[in-house]
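J.: Below is one structure. I have some questions about it.
The values are calculated or read from the model by the stated rules, or taken from the named source; none is laboratory data. Since the model is a prediction, treat every value here as computed from it, not as a measurement. Cβ placement follows ideal geometry from the backbone for every residue including glycine, while neighbour counts extend to all protein chains displayed. Note: areas computed on protein heavy atoms with side chains; ligands, DNA, RNA excluded. Shrake-Rupley method; radii C 1.70, N 1.55, O 1.52, S 1.80 Å.
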Protein chains: 2
Amino acid sequence: MTTTDARPADAPTGAERPAAPDPVTAASPVATVRPTGAGHARDRAADEPRVAVPALTDVLLGRYADLRRGARGVVADPRFQRVEGLPVSEHRARVLDQLRTLAAEGDVLRAFPTRLGGADDHGGSLARFEELVAADPSLQIKAGVQWGLFASAILHLGTERHHDAYLPDAMSVAVPGAFAMTETGHGSDVASIATTATYDAASGEFVVHTPYRAAWKDYLGNAGQHGTAAVVFAQLVAQGPDDPRPVNHGVHAFYVPIRDAATGEFLPGVGGEDDGLKGGLNGIDNGRLWFDHVRVPRTDLLDRYGAVAEDGTYSSPIASPGRRFFTMLGTLVQGRVSLDGAAVNAAKLGLVIAVTYGNQRRQFAGSSPTDEVVLLDYGEHRRRLLPLLAETYAATFAHEHLLAAFDDVFSGRDDTPDSREELETLAAALKPTSTWHALRTLQTCREACGGAGFLTANRLTSLRADLDVYVTFEGDNTVLYQLVGKRLLTRYAQQVGGDPADIARLVAGQVADAALHRMPLARAVQTLVDAGDARRSAGQLRDPETQRDLLADRVSTMVAELAQALRPARKASPEVAASLFDAHQHELVQAARAHAELLQWEAFTRALDTVPDAGTKQVLTWLRDLFGLTLIERDLAWFLVNGRLSAGRARTVTSYIERLLLRLRPHAQDLVDAFGYGPEHVRAEIASGAEAGRQAEAREAQRAARASGTEPVPEPKPRR
Amino acid sequence: MTTTDARPADAPTGAERPAAPDPVTAASPVATVRPTGAGHARDRAADEPRVAVPALTDVLLGRYADLRRGARGVVADPRFQRVEGLPVSEHRARVLDQLRTLAAEGDVLRAFPTRLGGADDHGGSLARFEELVAADPSLQIKAGVQWGLFASAILHLGTERHHDAYLPDAMSVAVPGAFAMTETGHGSDVASIATTATYDAASGEFVVHTPYRAAWKDYLGNAGQHGTAAVVFAQLVAQGPDDPRPVNHGVHAFYVPIRDAATGEFLPGVGGEDDGLKGGLNGIDNGRLWFDHVRVPRTDLLDRYGAVAEDGTYSSPIASPGRRFFTMLGTLVQGRVSLDGAAVNAAKLGLVIAVTYGNQRRQFAGSSPTDEVVLLDYGEHRRRLLPLLAETYAATFAHEHLLAAFDDVFSGRDDTPDSREELETLAAALKPTSTWHALRTLQTCREACGGAGFLTANRLTSLRADLDVYVTFEGDNTVLYQLVGKRLLTRYAQQVGGDPADIARLVAGQVADAALHRMPLARAVQTLVDAGDARRSAGQLRDPETQRDLLADRVSTMVAELAQALRPARKASPEVAASLFDAHQHELVQAARAHAELLQWEAFTRALDTVPDAGTKQVLTWLRDLFGLTLIERDLAWFLVNGRLSAGRARTVTSYIERLLLRLRPHAQDLVDAFGYGPEHVRAEIASGAEAGRQAEAREAQRAARASGTEPVPEPKPRR
C-alpha cells in the first residue's frame, strides 16, 4: 500500500504495480489470460464447472446466429473498420463509401421486398446492422439513417409507386437520403412540427415551407453534406371542394430532392447548414435543412396512410387523425430495437478488452505478502467489472426477446394493435436500459484499464464517445421511461378493471398494506422474511422464485403506489393535476426502470433453459444470480423501506454478491470469450497479449540479472 | 405524453416539445432565463429569499478571488481558448504557444522563488492554474506538466545550483520538459520502477538506462514531441569506497536532456514514441521515452534529498530510505490539489450551460393542460441537475479548504510531518470525489441538453472527454480511496489507543451494537428514531447536527467494522490475510468515499457562516440540506440496515429532497450565475439566449398567422 501514494500528473495509468517473476505463467504469455487463481485455489477444484465456450457463443448469437456471423465477417474486413484520427471530411467520405460497398456486397438489404432484391426479413436485417457497431458506430448509424429511416419511410409510408420509383436508388445509396422529421424547436413532439406542405390544386403540387428558424429540420444524418433527397415530415394542409377553409390533416411524409447530385449544391428553395463537429459519430454528416416554398408533385406525398386527390380532397384508411399519426410513427420502432442491440454489442466489446487486460495486468497486492496479483484478483476490480458482465448477458437475452417480438410484428405473423403496443413498450423499456448500461460499462472498462484505457488505440474512449448520443436519440431515455411508466399505469388500471373509483380503493388498500410494512403478494418473500438464519436466506436469494418475486413485487407495488398518488389528479384543476404529476415524475421513471430490469431478469432466466451443457448452465446461473442480486442491492433501500427485506436479510444480499463474484472470477475470461469476437473485431492493443509479453521479457531480464551476481544490493536500513 | 413516442434515429434531441406563445416572456428573451414559476407560484412569494449574486460570487472565489479573476481574464482572451476541430499537430502547437505566452504575460510563475521572477505563492499559483481549465483543459494540464511537475521537481528536489541552471528556461518554456516517472509496467508503484541511474566514479557521470520494454517511461506530457529535457526518475545505484558491492539507494530524480532543440531529434542514446491519439487532452503530446546508457554529469542528480560524492559515496539528510522516498514524492501533492480545483470548475461550466438552457428550453407538459413548461420545471429535470449543483457547491468549499491546507504546508507556515500527512490524505479523499463528480455532472448536463448537448459547439462533450483521464491520473481514484481508507483505519487505531487486543475488543463491542440495530453515538440520531411524526423528522433532517451525526456516524461505524473484520489478518498466514483484505476492499473504498463526502459537507456548512446576506444564506442552507440529504439518500440502505434510520424516517428523506428541489428551483439560475462566468468563459451557443430568441420569433409568427385569419383549421374528429 505504502507506495501507491505517488503518481505524476501526466501518468494516466490505472492501479498498476510492477511485474515480477511468475513461474506459472512466465513461459507462456498466452496462458496469462487465464486466472492464476492465487488466493482462490478453492475455485479451481476438480469439480469446478467449466464453460463450454463455443456452445455458449451459439446461445448468445441466438436466432440469427448465421446472419450475425456473416455480419462479423463484414466487420473483420478492414475496408469497413474505423480508422482513428481521420479528419472529419475523410471520415465522412469513408463511411459513405462503406455504405455503398455494403449495399453492393454486405447483405444489408434484407428488410426490403424480395422483388426489389431484398429478403423481406425484418428481424434478420436488424441483427446484421447491430453487429456493424463493431466496425464503426458511425457506419452503423449512417446505415440506420439511409436504410432504417430514409428508405424505410419510403417502404412503410409510401405505396408501390414510391417503392418502384425511389427504393432502388435509396437501397443502393445512389441517392443518400435524410430523414427530415426533427426540428430545432421540436424534438420529441413530432405532432407539433411547424414545417408545412400545402397542397396547391391549381398546379397539382405541394408547397413545402419552413416558417421560421425554430422550424428548421435539425440533427439529420446525410443532411450536412451527402444527402440528395429527403423524406420530409410536414403538416399536410389541403382544401377539398367541400372544405370552407384549408384543413391541417396533421403530419405526413413527402419525398423531396434537396441537392444536385452532380454539384452537391442545394436545389432552389432549399437551404441548410452543417451541424458541425459532434461529441462522437463524426463519420456522419448531421445537418439542418430549410425549405422556402419548395414545390413537389402531388404524387410525392408518401400516401399509404393519407392521400390527397387532384382536387384537394383528403382521404385516409385511418379515420382518427391521432391513430393515423401513431400508425405512421410506429413503423419507426426498428430504430430503437437496433440501438438496443448495438448498445449491448458495444458493452460486450468493452468487457472483452477490460476483462482480458484485467487478467494479464499485474500489480502488487499492497497489503499482501503474496506479490503480483492480476487486477481481476482484486476485490474492487471484480466488483466493478463482473456485475456489468452479468448485466450484459441479461441485456443480450432481453434483446433477443425484443428482436423476436419485432420480427413477429413486422413479418405480419402477429401484427395486431396489441402486439404493436407491446413491442413499442418493450423497445421503450429496453433501449434506455441498454444504452445507459453501455455508457456505464465502457466508462468503467476505460477506468479499469487506467491510462492505457485512455489511449485511442485501445478503442474504449472512441466507443464511448460514439455511443453517448444513443441515450438521447431515437427517443430520449428519460422520455421513453416515462412512456413505459404511463403504459404500466394504464395496464394496471386495465388489470384491476371496473370502475375507476374501485381501482382507487383497491390501490389504496395495497398501499396501506405496504405502508404498514407487511408482506404483500409473494409467498417466497414471506418465507424469506420469516427465516432467521443468514445462510439460509442467502440460499433463498439464490432461489429464482425469490428473485423474481422481489423484482416483480417492486414493479407492481411502485405502479400501484403511483396510481394511488396520482388519483387526486382526476378531479383536480389542470394546474394542480400537472403539479401532482410533476411531483411523481421521478417515481414514474424509477418504476419504468424497475420494469425493464425485471424484463431483463426474466429473459436471462428463460435463456438458462436453452443452455445444453451442465457446467455452462451452472456458471450462467451464478451470473444470473449476480444480476438479480445486483438489482436488489441497487434498490436495497426500497426493499427495506417497504418491508420486503429485513435488515438482516439485506446484509446477506451484499455478502452473497461477494461470494458470487469469487465463484465467477475464474470464468470471467470464458464469459467474455463466449461473445465470439476475435482480435479482428476487438482491435485493442491491451487485449492482445502484449502486456503479458512485456511481463515475460521483464521477468527474464530480472532472472538474468540475479543470475549474474552483479545486481546492486539494497541500501542497508539505518541504525536507530 | 401521447406524442413523445416518436423520435427519428438521427434526431439526437432531448426531451423537447415545441415553443408556443408566452405573453410573460415573449417580449424579452433575456427574461426567459428566469423561471416563469408556472405551477410554482408559491415559491415566488414576496418574502421569498433572494440570492445576492455578486456577493455570493465573492464567497465562491474565496481566498484567492483576485488571482482567480485575473486568471479568468486570461481565459477570456481568445488567444488562450480552445479551437475545436484542430488537427492534433495544430492543437499541440497552439497549446505550446499558449504556454509560452502565459509564461511571458500570464502571471503563472507565482510558485517559483521571488529571486527568479516568481512570488513564492504556492496556493495562489494553483488557484490561477485551476481556472485555466475554462480556456482548454489541455492548456491546464500541459501547464501542470511544465510548471507543476517538470519545473517543480527541479525546484523541490534540486538545490540552488539546479535552480540557477535550469529553472529560468523551465519557467519560460525555453525548455519544454517531461516528468519521466511512470513506466509502462509500473503506474502507482513508483518504488518499483526499473530504470536505473548507475554512478560511474571513473567518469563522474550517471549512466541512465532502460533495461526492457516494460521499463519505458510512458504517458509523459511533452515527451511525444516538444520536450527537450526531462526529469527522469530512476533507481540510483552507486558504489562508494566502503561499499563491497554497488548499492541501490532507491528512486531519485535526474535532469536529462532528451532532444536537440534545433532539430527536434532525440539525442544519442535516447528514444521513444508518441502515445498517439487519446480520448481527450489532445493538445498535449504524451509519449514514451527510453534510455540506452545515457550519461549525465554527477551534478545533474537533483540532490536535495540524496547526493553522491565524486568517489561514489552516497549521503542523504533523511536516513530512512522509505521516508526519503515519501518525502520526495510528497512534493507532488500539488497535482492532486489542482486537479480537484479544476474538476470542480469544469462541473461549474457544465451546470451553467445545462441550467441556463433548462431555463429557456420549453416543452409541452404531456399530461398537463398548462402548456410550454421550461425543462427545469419538470420534476425529473430538477432531480437530475439540482443535486449536482449542490454537490458542486460542496466541492467548491471543500477545495478551498484543501487549498488553504496546501498553502499552509508549502509556505512553511505549518509544515510538519502530521500536517503533510493530513494534506495528502485530504487530497487523496477529495480528488477522486470531485473528478468523478465532474464526469457525472458533465454527462448529465450533456443529456439534459439532448442532441444540442452532443454538438461540440456546446462544449459539454469536449469538456467531458478531456476530464475523463482526471479520474485515473495523479493517482487512480480507486487507489487513492484505498489510501484514504487505510489512513482512516490507522487513525482509528491511534484514537482507540493502547493494546491492539483492546482495540479489537472495543471494535467488537461497537459492531455488536450496530448489529443489534441499536443507536450508537449520536443524540440527534436517537431523537430522530424516537420521533413518530414524519413532518417532524423531516424538520430534524434539516437540522445540521442531525445531518452531521448521520454522516459522521456512517464513516466511524464503517471504519470500526472494517477494523474488526480485518482483525484476524494480524495472526493469519500471508495468503489468508491477503484474501481477507481483498474481501473487504470494496468496503474500504466505500468508507473512504463516505469520509470524503463528510469533508465536503463540513466545508459547505462552515462556509454558510461566511455568507453575509440573509437571503443568500437561506438559499445556500437549503442547498447544503439538499447535499446532505442526497448523500443520505444515496446510502439509504446502509442507514436502514444499520438501524440509523427507521423505514418511516427513510421515506421522509426522499420527500424532503423533493421539497428542497421545489424551493431551490427558482434560484437555480442565480446559483449558477454566482459562479461568475461570463459568455466569454462559457462559450456555448445553447447557453447564449439563442433558444429563447428562436422561441420569440416562432411566437410572433404564430401570432401573425392567427391574426391573418387564413390559418388552416384542424381536421375534424371522425364521427363514431
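J.: Name the residues whose placed amide hydrogens come within less than 5 Å of the amide hydrogen of B:VAL713, ignoring near sequence neighbours (fewer than 5 apart) on the same chain.
T.: Hits under the 5 Å cutoff: A:VAL247, A:ASN248.
J.: Put a dot 7 Å past each Cα toward the Cβ at B:ASP58 and B:GLU310; how far apart are the dots in nm?
T.: 6.2
J.: Calculate how large, on average over all directions, the projected area of the Cα convex hull of chain A is; give the answer in nm² to one decimal.
T.: Mean projected area of the Cα convex hull: 39.3 nm².
J.: How much net charge surrounds B:ASP77 when only other residues with a Cβ under 11 Å from its Cβ are counted (Lys, Arg +1; Asp, Glu -1)?
T.: 0
J.: Please report how far the C-alpha centroid of segment A:608-662 lies from that of segment A:88-118, rounded to the nearest whole angstrom.
T.: Cα centroid of segment A:608-662 versus Cα centroid of segment A:88-118: 44 Å apart.
J.: Which whole-Hz couplings ³J(HN,Hα) result when phi for each residue of segment A:152-163 is put into the Karplus expression 6.51 cos²θ - 1.76 cosθ + 1.60, θ = phi - 60°, listed in order with x for Gly and Pro?
T.: 5, 5, 4, 5, 8, 9, x, 10, 3, 4, 5, 4
J.: Let me ask something else about it. Tell me, what ³J(HN,Hα) does each residue in segment B:80-96 have, in order and in whole Hz, if you take phi through Karplus 6.51 cos²θ - 1.76 cosθ + 1.60 with θ = phi - 60° and put x for Gly and Pro?
T.: Ordered by residue, 3J(HN,Hα) equals 9, 8, 5, 10, 6, x, 5, x, 3, 4, 6, 4, 4, 5, 5, 5, 5 Hz.
J.: Compute the helix-to-body angle for B:477-496: its Cα long axis versus the longest principal axis of chain B, expressed 0 to 90° and rounded to tens.
T.: The helix B:477-496 is inclined about 80 degrees to chain B.
J.: Using the beta-carbon distance between A:GLU90 and A:THR610 and R0 = 35 Å, what value does 1/(1 + (r/R0)^6) give for FRET efficiency, to the nearest 0.05?
T.: 0.20
J.: Assign unit charges at the C-beta atoms only (+1 for Lys and Arg, -1 for Asp and Glu), then state the dipole size of segment A:60-172 relative to its Cα centre in Debye, rounded to the nearest 20.
T.: The calculation lands at about 140 debye.
J.: Helix A:65-76 sits at what angle to the longest principal axis of chain A, using alpha carbons and giving 0 to 90 degrees rounded to 10?
T.: That helix lies at roughly 80 degrees to the long axis.
J.: Something else: With everything on Cα atoms, drop me the angle between helix B:690-708 and the longest principal axis of chain B, reported from 0 to 90° to the nearest 10.
T.: 20
J.: Next up: Quick one: if the Förster radius is 35 Å, what FRET efficiency do A:GLU265 and A:GLU160 give, using the C-beta to C-beta distance and rounding to 0.05?
T.: FRET efficiency, A:GLU265 to A:GLU160: 0.65.
J.: Further question: For the protein assembly as shown, rounded, prolate or oblate, judged on the Cα gyration tensor with a ≥ b ≥ c (square roots of eigenvalues), a/c < 1.5 rounded, else prolate if a/b > b/c?
T.: prolate
J.: For A:ASP200, enumerate residues with amide H under 5 Å from its amide H, sequence gap 5+ or separate chain, H modeled in the peptide plane.
T.: Those qualifying (amide H under 5 Å, at least 5 residues apart or on another chain) are A:GLU205, A:PHE206, A:VAL207.
J.: Measure up A:LYS348/B:LYS217; A:LYS142/A:LYS431; B:LYS348/B:LYS431; A:LYS571/B:LYS717 against 21 Å on the Cα-Cα distance and list the ones that go over.
T.: A:LYS348/B:LYS217; A:LYS571/B:LYS717
J.: Moving to a separate point now. About the Cα centre of the protein assembly as shown, how large is the charge dipole given +1 on each Lys and Arg Cβ and -1 on each Asp and Glu Cβ? Please answer in debye to the nearest 20.
T.: Dipole size: approximately 2740 debye.
J.: Classify segment A:179-330: rounded, prolate or oblate, from the alpha-carbon gyration tensor (a ≥ b ≥ c, eigenvalue square roots; a/c under 1.5 rounded; otherwise prolate if a/b is larger than b/c)?
T.: Because a/c hits 1.5 or more and a/b exceeds b/c, segment A:179-330 counts as prolate.
J.: Compute the separation of the alpha-carbon centres of segment A:135-205 and segment A:426-477 and state it in Å as a whole number.
T.: Spelled out, the Cα-based centre of one part sits 28 Å from the other.
J.: If you don't mind, there's one more thing I want to ask. Roughly what would the spin-label model give for A:ALA319 and A:ALA104, points 7 Å off Cα along C-beta, in nm?
T.: For A:ALA319 paired with A:ALA104, the spin-label model returns 5.3 nm.
J.: Out of residues 5 or more away from B:THR182 or on other chains, whose amide H comes under 5 Å of its own, with H placed 1.01 Å from N in the peptide plane?
T.: Close amide H contacts, sequence-distant or interchain: B:ASP218.
J.: Can I ask one more? Please list 3J(HN,Hα) in residue order for segment B:111-124, calculated via the Karplus relation 6.51 cos²θ - 1.76 cosθ + 1.60 where θ = phi - 60°; whole Hz, with x for glycine and proline.
T.: 6, 8, x, 4, 5, 9, x, x, 9, 6, 10, 6, x, x
J.: Which of the three applies to segment A:298-340, rounded, prolate or oblate, going by the alpha-carbon gyration tensor with a ≥ b ≥ c and a/c under 1.5 meaning rounded?
T.: Judged from the Cα gyration tensor, segment A:298-340 comes out oblate (a/c at least 1.5, b/c at or above a/b).
J.: Between beta-carbons, use under 11 Å as the cut-off and find the net charge around B:PHE112, counting Lys and Arg +1, Asp and Glu -1.
T.: 0
J.: So, one more: List the accessible area buried at the contact between B and A, summed over both sides and calculated with a 1.4 Å probe, in Å² to the nearest 100.
T.: Between B and A, the summed buried area is about 12100 Å².
J.: Tell me, what is the per residue accessible area of chain B in Å², probe radius 1.4 Å?
T.: Accessible surface, normalised per residue, equals 33 Å².
J.: Points 7 angstrom from Cα along the Cβ direction at B:ASP242 and B:ARG440: gap in nanometres?
T.: 5.6
J.: Still on this structure, I have one more. What is the Cα centroid distance between segment B:692-720 and segment B:374-423, reported in whole angstrom?
T.: Segment B:692-720 and segment B:374-423 have Cα centres spaced 50 Å from each other.
J.: If you don't mind, there's one more thing I want to ask. How much FRET efficiency would the formula 1/(1 + (r/R0)^6) give for A:GLU545 and B:GLU421, where r is the Cβ-Cβ distance and R0 is 45 Å, rounded to 0.05?
T.: Plugging the Cβ-Cβ distance into 1/(1 + (r/R0)^6) gives 0.30.
J.: Related question: Tell me the Kirkwood radius of segment A:60-172: reciprocal of the mean inverse pair distance over distinct alpha-carbon atoms, in Å.
T.: 14.4
J.: What value, in deg cm²/dmol to 500, does the helix sum -39500 (n - 2.57) over DSSP H runs of n ≥ 4 give at 222 nm once divided by the residues of chain A?
T.: -16500 deg cm²/dmol
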